[in-house]
Amino acid sequence: MAGSATYDGYFSGQTNLLQQDYLVGGTGGSVNLQFDFGAGTLGGAIHPYLNTFESVYDLGMLSFVDTVYSSGTANFSGRFNTSLVGPNSFLGLFTGPNAEEVIGRWEFPFVYPADGKTYDATGAWIAKK
């Protein structure tokens, strides 16, 4: 593959946030991936939201760091730019004819604004050219 491509999509997932003995705190948001196929580089970010019983919280942008992608391969990986301690990675795959889509799984730590504690989120994304 030569050239470059941008993929935009959405993601969905869940967290380990418990309230009143119920697992709450689904996550969702947008994902943007930018590939330079000739150079074998990947950049991008996710913009997650946290949904709880009380509110929807904007968790801010998380840009990609430590990305691993080589031109001609179907897989890519990396992690998110955060100083929080916890699971932090993503793994993706090109799909469809001519790599028209990407799918992936992700995990990252976040701070719940209501209590200031750190929790973990995990889920999947899909994005198209």
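The values are calculated or read from the model by the stated rules, or taken from the named source; none is laboratory data. On a predicted model such as this, the values are computed, not experimentally measured, just so you know. Glycine also receives a Cβ, built like all others from the backbone with ideal geometry; neighbour counts cover every protein chain displayed.
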Selection within segment 113-129 - hydroxyl-bearing (S, T, Y) and either surrounded by 15 or more Cβ atoms within 10 Å (Cβ to Cβ) or closer than 12 Å to A74 by Cα (or both): Y119, T122
Per the filter on segment 60-73, residues modelled with pLDDT under 95 and more than 18 Å from T6 (Cβ to Cβ) are S70, G72, T73
For segment 88-112, which positions are surrounded by 14 or more Cβ atoms within 10 Å (Cβ to Cβ) and either in contact with a helix residue (DSSP H, G or I) (Cβ under 7 Å, 6 or more places away or on another chain) or outside any strand (DSSP E or B) (or both)? N88, A99, Y112
Filter segment 33-71 for residues that are of a type in the set (S, T, Y) and not in a loop (DSSP other than H, G, I, E, B) and give the result. T41, Y49, Y57, S63, T67
Restricting attention to segment 45-79, report how many residues are of a type in the set (V, I, T), surrounded by 12 or more Cβ atoms within 10 Å (Cβ to Cβ) and without any contact (Cβ under 8 Å) to a residue 60 or more places away in the chain. 4
Give the number of residues within segment 78-94 that are among the small types (G, A, S) and touching a Gly at 6+ places or on another chain (Cβ under 6 Å). 1
Suppose the filter is modelled with pLDDT under 95 and not charged (D, E, K, R); does A127 pass it? no
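With the requirement that a residue be among the acidic types (D, E) and at pLDDT 90 or above, what does segment 1-59 give you?
The answer is D8, D36, D58.
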